[in-house]
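First comes the structure, then the notes that go with it.
The values are calculated or read from the model by the stated rules, or taken from the named source; none is laboratory data. Keep in mind the model is a prediction, meaning the values are calculated, not measured. Cβ coordinates were reconstructed from backbone atoms using ideal geometry, including for glycine residues, and neighbour counts include every protein chain displayed. Only protein heavy atoms, including side chains, enter the accessible area calculation; ligands, DNA and RNA are left aside. Shrake-Rupley method; radii C 1.70, N 1.55, O 1.52, S 1.80 Å.
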Amino acid sequence: MTEATEVGSTSGPGRTAGSDVAFLTDFAALSAFGVTDRGGVHRETATDADAAQRAWFGRWLADRGFAVAYDRVGNQFGLLERTPGAPWVLVGSHLDSQPFAGRFDGAYGVLAAAHAADRLARRRGTGANLAVVNWLNEEGSRFEPSMMGSAVFAGGLDREAALDTRDGAGVRLGDRLAELGQLGDDDVLTLDDVAGYAEIHIEQGRELEDAGRTVGLVEATWAARKYDLTVTGEQSHTGSTVMADRRDALLGASELVVLARELTERLSTADSPLHTSVSRLTVAPNSPVTVAREVRMNLDLRSPDEDLLERADTLLHERIPAISEHARVEVGVSGSHAWGVRPFPAAGVALARRCAEDLGLSHRTMLTIAGHDSVNLNAHVPTIMLFVPSEQGISHNERESTADDDVCAGVDLLTAVLDRLAAGDPVR
Ligand code: GLV
Ligand code: MN
Ligand code: MN
């Protein structure tokens, strides 16, 4: 037995002595796509690195007998039809990354899904058909919004609108996917074909690590509201323009950045936290010696308490006129993306808990703060969301890491959960 397989239980369905090593080896191969100097990945949607990785993953699936196909928005599926006509259980996550981000966010869940389905296939069981999915553009960094492919699949976003989005250089997503040969011409699967969905992901926080637990059973998601803000001033000379005459868009934007933090200082409590950030500014003309005429920026508000999020929204809108007046700018606000506090089905959490206990894995029920493709699926099909720990809670960072033992334990748990879902255990 190898060192890796001595960790945790070896009784998981379909697990073999070498399966941990096989997973870690494949994960190392996957992490080479878009690798950065500091060991992270830079693999935004429909970049060369993302496309090459998808091609590699497609070959991995095909080599193991999966039928591989892209749907009409570029979601990538690997289908294992075990019982013709039976419903499909879907399992997956996303392979795209934020810029200069970590190896685990999304990619871990996709590979774990593929290994879990492959382990079950090797047992030659019957039951539901299994579909592994790599959702298009979960991150929403190059093309907005985030969780795009799963939103289209779940009917929450128009497919043509998604394909029509453009990156900062004006590249249209649909054109780019077609150029890469990663846009299909049918749906592959529809919601009606799907009996259940499971996803495993790194936690991206440090609750599991702080509690010393190996897996998280996600009960609900925090609510989120994302805004696009446009601050309009007037371009002028940074040296010669009289201070009182300036209409500095970057000053207005800076005050909004500070306001975002002030909202948490005013409203957040231990029981009802509020997380806020501005994370992107696009400044025009962004030139030395020229006062900015326009800043486009985002603003991201999150809380497990929808009332508090509403109060934050109200306070934000109340404070904007004073910032406009002080910086002599106009501020336009539009909502770009939002979701509410949504529980995952309790029966699914109970199913996952039984699986964790059978495997001897310490566990904890918890909320997800980050959005996931599972949030889109959960609105329509019985959905189970699982976490493994993130070292120090670091994520969207090249230092993102999860211990090998936890990585392998998570694959075992996902395999057991998928096995139960495919056998038709009730999730709600
Ligand atoms: C993911 O898309 C998030 O916004 O957390
Ligand atoms: Mn993710
Ligand atoms: Mn992410």
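Below is a table of values for the structure above.
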| item | result |
| --- | --- |
| Hits in the range 362-385 (condition: more than 16 Å from ligand 3 (Cβ to nearest atom), open to solvent by less than 20 Å² (accessible area, probe 1.4 Å) and in a strand (DSSP E or B)) | Met366, Thr383, Ile384 |
| Verdict on Phe143 being assigned by TED's automatic domain parsing to the domain that holds Phe27, open to solvent by 10 Å² or more (accessible area, probe 1.4 Å), under 24 Å from Glu398 (Cα atoms) and within 16 Å of ligand 2 (Cβ to nearest atom) | no |
| Residues satisfying the stated conditions in the range 194-211, i.e. in contact with a strand residue (DSSP E or B) (Cβ under 9 Å, 6 or more places away or on another chain) and more than 20 Å from Val110 (Cα to Cα) | Glu207, Leu208, Ala211 |
| Count of the range 235-246 residues which are over 16 Å from Arg296 (Cβ atoms) and buried (at least 16 other Cβ atoms within 10 Å of the Cβ) | 3 |
| Residue ID - surrounded by the most Cβ atoms within 10 Å (Cβ to Cβ), chosen from residues in the range 197-212 that are away from ligand 3 (no atom under 16 Å from the Cβ) and within 15 Å of Asp405 (Cα to Cα) | Leu208 |
| Complete set of residues in the range 172-187 that are within 14 Å of Leu136 (Cα to Cα), touching a Lys or Arg at 6+ places or on another chain (Cβ under 9 Å) and open to solvent by 40 Å² or more (accessible area, probe 1.4 Å) | Leu180, Leu183, Asp187 |
| Count of residues meeting criterion [over 15 Å from Asp96 (Cβ atoms) and outside any loop (DSSP other than H, G, I, E, B)] in the range 142-185 | 11 |
| Residue within the range 159-171 that is open to solvent by 10 Å² or more (accessible area, probe 1.4 Å), under 19 Å from Ser374 (Cα atoms) and either within 16 Å of ligand 1 (Cβ to nearest atom) or modelled with pLDDT of 95 or more (or both) present | yes |
| Residues located in the range 213-243, provided they are farther than 29 Å from His363 by Cα and either within 16 Å of ligand 3 (Cβ to nearest atom) or of a type in the set (S, T, N, Q) (or both) | Lys226, Thr230, Thr232, Gln235, Ser236, Thr238, Ser240, Thr241 |
| Sole exception among (1) within 17 Å of Leu414 (Cβ to Cβ); (2) within 22 Å of the chain's Cα centre (by Cα) for Ala121, by number | (2) |
| Residue among His363, His372, His380 that alone is in the same structural domain as Asp20 (by TED's automatic domain parsing) and within 16 Å of ligand 2 (Cβ to nearest atom) | His372 |
| Residues of the range 323-345 that turn out to be of a type outside the set (Ser, Thr, Tyr), within 30 Å of Val218 (Cβ to Cβ) and in a strand (DSSP E or B), as a count | 6 |
| Counted residues, the range 289-307 - those being within 16 Å of ligand 1 (Cβ to nearest atom) and of a type in the set (Gly, Ala, Ser) | 1 |
| Residue among Ala121, Ala154 that is modelled with pLDDT under 95 and either assigned by TED's automatic domain parsing to the domain that holds Leu299 or open to solvent by less than 40 Å² (accessible area, probe 1.4 Å) (or both) | Ala121 |
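To keep it simple, each residue is scored yes or no on (1) β-branched (Val, Ile, Thr); (2) farther than 30 Å from Thr230 by Cα; (3) touching a Cys at 6+ places or on another chain (Cβ under 8 Å).
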residue	(1), (2), (3)
Ala312	no, no, no
Leu315	no, no, no
Ile320	yes, no, no
Ser334	no, no, no
Ala338	no, no, no
Pro343	no, yes, no
Thr383	yes, yes, no
Leu386	no, yes, no
Asp405	no, yes, no
